[in-house]
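This report concerns only the one structure given below.
A short reminder: the numbers here are calculations on the coordinates, not readings from a lab. Since the model is a prediction, treat every value here as computed from it, not as a measurement. When we count neighbours, we look across all protein chains shown, and the Cβ atoms used for this are built from the backbone with ideal geometry, even at glycine.
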Amino acid sequence: MSRKTFSEIHAEVSSRYPSGRTPGGVSVDDIVQLRLQNTYDTHLDIARDMAGVMRADMAAYDADAAQFTQSLGCWSGFHAQQMIKAVKRLRGTARGTYVYLSGWMVAGLRNRWGHLPDQSMHEKTAVADLIQEIYVSLRQADEVALNDLFKDLKAAKTEAERAKAIAAIDGFESHVVPIIADIDAGFGNEHATYLLAKELIKAGACALQIENQVSDAKQCGHQDGKVTVPREDFIEKLRACRLAFEELGVDDGVIVARTDSLGAGLTQKVPVSQRLGDLAAEYIKWLKVEPITEANPIREGELALFKDGQFVKPARLPNGLFPFQENTGRQRVIEDCIASLTQGGADLLWIETDTPNVDEIAGMVAEIRKAVPNAKLTYNNSPSFNWTLNLRKQVRAQWLAEGSIAEADYPDGNELMKPDFDDTDLGREADARLQRFQTDISARAGVFHNLITLPTFHLTAKSVDELSHGYFGEEKMLAYVKTVQRQEIRRGISAVKHQHEVGSDLGDSFKEMVAGERALKAGGHANTMNQFAAE
């Protein structure tokens with residue numbers, strides 16, 4: 001977003017209050033500070049602005065595949081805030097970094113009904129609520145950081161110091177970044193999808209990710225039992241999302257069309273085909289069918305299809321679902337993606353896979369790009385994959401095929417997970433491939449955005465387990481100091497000053513604005529946060 005500079009706002013406010021104060025005694029400088037700290041007026045403004053950021057990033061990726069973007073899935077505003085702060089400390093900028101909002105984590109961790117699986121078993125509004133929370137946290141990070149910069153301005157003794165402080169204020173980069181929000185399968189029909197999409201966008205989402213599963217039978221993409229919808233049905237939901245963006249004036253809103261067809265072997269309904277080769281016909285052709293014969297006649301209430309010049313029966317399960325032919329997932333994925341881009345107006349694709357394999361994904365994308373040359377993906381670097389085992393198996397298989405190792409050199413199967421192999425040639429090569437996995441998949445497989453869906457779920461579990469083992473075990477307070485506080489201090493994590501992190505200094509600044517010397521401040525000499533002042 002293009003913000004007005006300190007000088008521009010100061011001039012505007014001063015033209016109204018040439019004395020330097022309002023009739024009520026409020027300082028012009030304080031008004032300028034609060035206006036600059038309020039980096040966005042509404043979260044809909046955020047959605048509009050961040051959509052532009054994503055479009056610019058997509059164009060940069062089209063020009064150079066090394067310019068891919070990344071995100072981590074966050075299940076609270078604080079997680080998102082700390083992630084962006086860490087990236088800014090590392091790179092000096094958060095550009096190219098997004099927040100992924102996972103429906104799985106909303107169902108599992110932000111659910112009034114308990115910790116539940118990823119089956120759309122959470123309140124519709126929970127996703128919008130979390131988007132709202134994340135942006136409140138990111139905007140507060142802006143306020144805290146800008147308040148610190150204004151402290152430097154107030155402390156400036158010379159014109160040079162003042163100019164330097166104003167330059168820092170004008171050069172400040174917001175912590176607000178795009179959110180890609182998971183709307184599952186739309187939580188109902190196309191109208192329900194549209195209504196929910198509007199709520200997510202109004203909360204600040206500039207990108208919506210929607211999947212081609214049946215809404216009332218939705219499963220996690222890494223579980224069995226997935227049921228896809230006909231492509232016409234999915235396209236209607238993509239259009240519903242587009243209409244939501246357009247209605248709210250988010251012209252550059254991004255739609256991520258996810259296909260679960262690689263691991264989905266079922267459909268709930270057989271669409272009506274109007275002509276050879278239409279969307280319905282292309283979907284129906286993959287159904288598992290049986291010939292109608294004297295031994296297997298058509299019976300009352302059964303469905304028949306005319307295929308290849310004869311009538312056949314689609315196979316049907318006791319629950320009424322129709323299975324697809326085995327080993328057709330790859331072809332269905334390619335057709336799904338082309339339809340979503342060319343007829344559904346999707347901007348990005350998401351192909352849910354069962355293993356992390358660059359060659360497999362690159363092969364599918366190559367087929368898609370024959371129809372849509374600039375097709376781009378968002379890819380789930382999922383914690384559902386056993387990354388260590390998968391990559392070690394891939395290295396072992398390749399080296400065996402090349403003849404560089406013998407079958408007995410490394411075991412097959414789960415034994416490869418053992419720490420004994422960490423410092424072997426195979427273990428080191430697998431780790432090297434892990435390190436460059438996102439770079440490879442972006443360069444070779446059209447992946448514009450790399451994300452990890454559930455990292456903060458696993459990180460929280462691991463960190464609390466680590467601290468609990470030490471604190472409730474032998475180390476007691478040493479466990480907290482050694483594994484938490486000492487690391488915060490040495491890594492420069494601002495949350496070590498927890499009072500400051502949640503806005504204590506903001507409160508002091510505001511009290512000074514309205515009360516001057518009468519302000520009762522929390523940041524005096526007795527504040528224990530002063531123990532960290534030198535860090």
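So the values come out like this:
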read-out: Helix axis angle, 329-342 relative to the chain longest principal axis, alpha carbon, degrees; value: 60 degrees
read-out: Most to least packed among 363-371, 95-103, 309-317, 263-271 [average Cβ atoms within 10 Å]; value: 95-103, 263-271, 363-371, 309-317
read-out: Taking the chain and dividing mean pair separation by its residue count, relative contact order in percent (alpha carbons under 8 Å, at least six apart); value: 15 percent
read-out: Whole-number Å³ per residue for the convex hull built on Cα positions in segment 347-505; value: 179 Å³
read-out: Neighbourhood net charge (12 Å Cβ-Cβ; Lys/Arg +1, Asp/Glu -1) for residue 101; value: -3
read-out: Gap separating the Cα centres of segment 153-209 and segment 77-104, nearest whole Å; value: 11 Å
read-out: Rounded tilt (10° steps) of 28-37 against the dominant C-alpha axis of the chain; value: 20 degrees
read-out: Degrees between helix 455-471 axis and first principal axis of the chain (Cα, 0 to 90, nearest 10); value: 60 degrees
read-out: Hull-based mean projected area of the chain, where the convex hull spans the alpha carbons, in square nanometres; value: 33.9 nm²
read-out: Most to least packed among 476-483, 31-38 [average Cβ atoms within 10 Å]; value: 31-38, 476-483
read-out: Peptides ranked, highest mean first, by Cβ atoms within 10 Å: ranges 394-404, 67-77, 506-516; value: 67-77, 506-516, 394-404
